[in-house]
1. Could you tell me which numbered condition Gln20 fails, if it satisfies all but one of (1) buried (at least 16 other Cβ atoms within 10 Å of the Cβ); (2) outside any loop (DSSP other than H, G, I, E, B)?
2. Of the residues Arg78, Arg56, Arg68, only one is among the charged types (D, E, K, R), loosely packed, with under 14 Cβ neighbours inside 10 Å and under 30 Å from Tyr144 (Cβ atoms); which?
3. Quick one: Gln120 ticks every box in (1) farther than 19 Å from Val141 by Cα; (2) within 19 Å of the chain's Cα centre (by Cα) bar one, so which box is it?
4. State all residues of region 183-194 that are of a type outside the set (Val, Ile, Thr), surrounded by 12 or more Cβ atoms within 10 Å (Cβ to Cβ), modelled with pLDDT of 85 or more and in contact with a helix residue (DSSP H, G or I) (Cβ under 7 Å, 6 or more places away or on another chain); if no residue qualifies, say none.
5. Just checking, does region 28-37 include any residue being surrounded by 18 or more Cβ atoms within 10 Å (Cβ to Cβ), touching a strand residue (DSSP E or B) at 6+ places or on another chain (Cβ under 7 Å) and in a strand (DSSP E or B)?
6. Only helices (runs of 4 or more DSSP H) wholly contained in region 117-198 count here; list those with 1 or more residues that are free of Cβ contacts under 8 Å to residues at least 40 places away in the same chain and within 28 Å of Leu85 (Cβ to Cβ).
7. Please indicate, with yes or no, whether at least one residue in region 47-59 is touching a residue at least 12 places away in the same chain (Cβ under 8 Å), outside any helix (DSSP H, G or I) and among the charged types (D, E, K, R).
Amino acid sequence: MKTRTARSIVNLMAVKTNPQCVHLIVDGERRMQLTRIACAELDIHDGDRWTIALERRAMARVAEDALRQRAMRMLGQRDYASAELRAHLVGSGAAASLCDTLIKELNRAGWMDDGRAARQRAAALAQRGWSVARIESALEVAGYITKHIRAALAALETSDRARLAAMIEASGSMSPARLYRRLIAAGFDPDDVESAVDRIKGSLTGS
């Protein structure tokens, strides 16, 4: 990278593949890429003097925009709890304060809603046959608060008994031992599982 001089001037060059962005050219060298909106908000114009302060502001905005794009890609795949998304972003090396600001922004904009996300996650896990206890544990690990977990569990359309019966019905010719392990892994009460498996064993032996 060339050494910045007191007379360095920034020039804005359109990005051919993205008309909403520009390259920031300083002393003939591409320093970074920003959106036109970011340039306007940072008050960067073609022909401005390129100072250390201006470079720092621009670099901070590049980091913010990159973090926002990463979060938006993740949210485009599925909903995340605020705590869960924060953990992913901080784990990738982003500053915690920057993550906190972004998550507040995404919540205000409606991109995130912990209550909605908890309900959707609980419903998806219930469809996989998980018990209430295991769903609750999964939501806790994901970082949802108690209020949202309780609301999500209350909104489930099927009971543990119904999910247990459905898994047994769908087990087909699965051996009792394998079915037992599968139901325990789904988080069902061991006594209920044992009773169900005993009934299956009885039907197989004709007793």
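The values are calculated or read from the model by the stated rules, or taken from the named source; none is laboratory data. If you're wondering where the values come from, they're calculated on a predicted model, not measured in any experiment. Cβ coordinates were reconstructed from backbone atoms using ideal geometry, including for glycine residues, and neighbour counts include every protein chain displayed.
1. So the condition that Gln20 fails would be (1).
2. Working: Arg56 fails: under 30 Å from Tyr144 (Cβ atoms); Arg68 fails: loosely packed, with under 14 Cβ neighbours inside 10 Å.
Of Arg78, Arg56, Arg68, the one residue that is among the charged types (D, E, K, R), loosely packed, with under 14 Cβ neighbours inside 10 Å and under 30 Å from Tyr144 (Cβ atoms) is Arg78.
3. Tallying (1) farther than 19 Å from Val141 by Cα; (2) within 19 Å of the chain's Cα centre (by Cα), Gln120 fails exactly one: (1).
4. Answer for region 183-194, where residues must be of a type outside the set (Val, Ile, Thr), surrounded by 12 or more Cβ atoms within 10 Å (Cβ to Cβ), modelled with pLDDT of 85 or more and in contact with a helix residue (DSSP H, G or I) (Cβ under 7 Å, 6 or more places away or on another chain): Leu183, Ala186, Gly187, Phe188.
5. Let us first name the residues in region 28-37 that are surrounded by 18 or more Cβ atoms within 10 Å (Cβ to Cβ), namely 31, 34.
Remaining after also requiring touching a strand residue (DSSP E or B) at 6+ places or on another chain (Cβ under 7 Å): 31, 34.
So of that shortlist, the ones also in a strand (DSSP E or B) come out as 31, 34.
Scanning region 28-37, I find at least one residue that is surrounded by 18 or more Cβ atoms within 10 Å (Cβ to Cβ), touching a strand residue (DSSP E or B) at 6+ places or on another chain (Cβ under 7 Å) and in a strand (DSSP E or B), so the answer is yes.
6. Values: elements: 132-142, 146-154, 160-169, 176-185.
Passing ranges, in order: 132-142, 146-154, 176-185.
7. For region 47-59, residues touching a residue at least 12 places away in the same chain (Cβ under 8 Å), outside any helix (DSSP H, G or I) and among the charged types (D, E, K, R): present.
Here is a yes/no grid of residues against (1) charged (D, E, K, R); (2) within 28 Å of Ala38 (Cα to Cα); (3) in contact with a Cys (Cβ under 6 Å, 6 or more places away or on another chain); (4) modelled with pLDDT under 95:
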{"residue": "Asp65", "(1), (2), (3), (4)": "yes, yes, no, yes"}
{"residue": "Ile103", "(1), (2), (3), (4)": "no, yes, no, no"}
{"residue": "Ala109", "(1), (2), (3), (4)": "no, yes, no, yes"}
{"residue": "Gly129", "(1), (2), (3), (4)": "no, no, no, yes"}
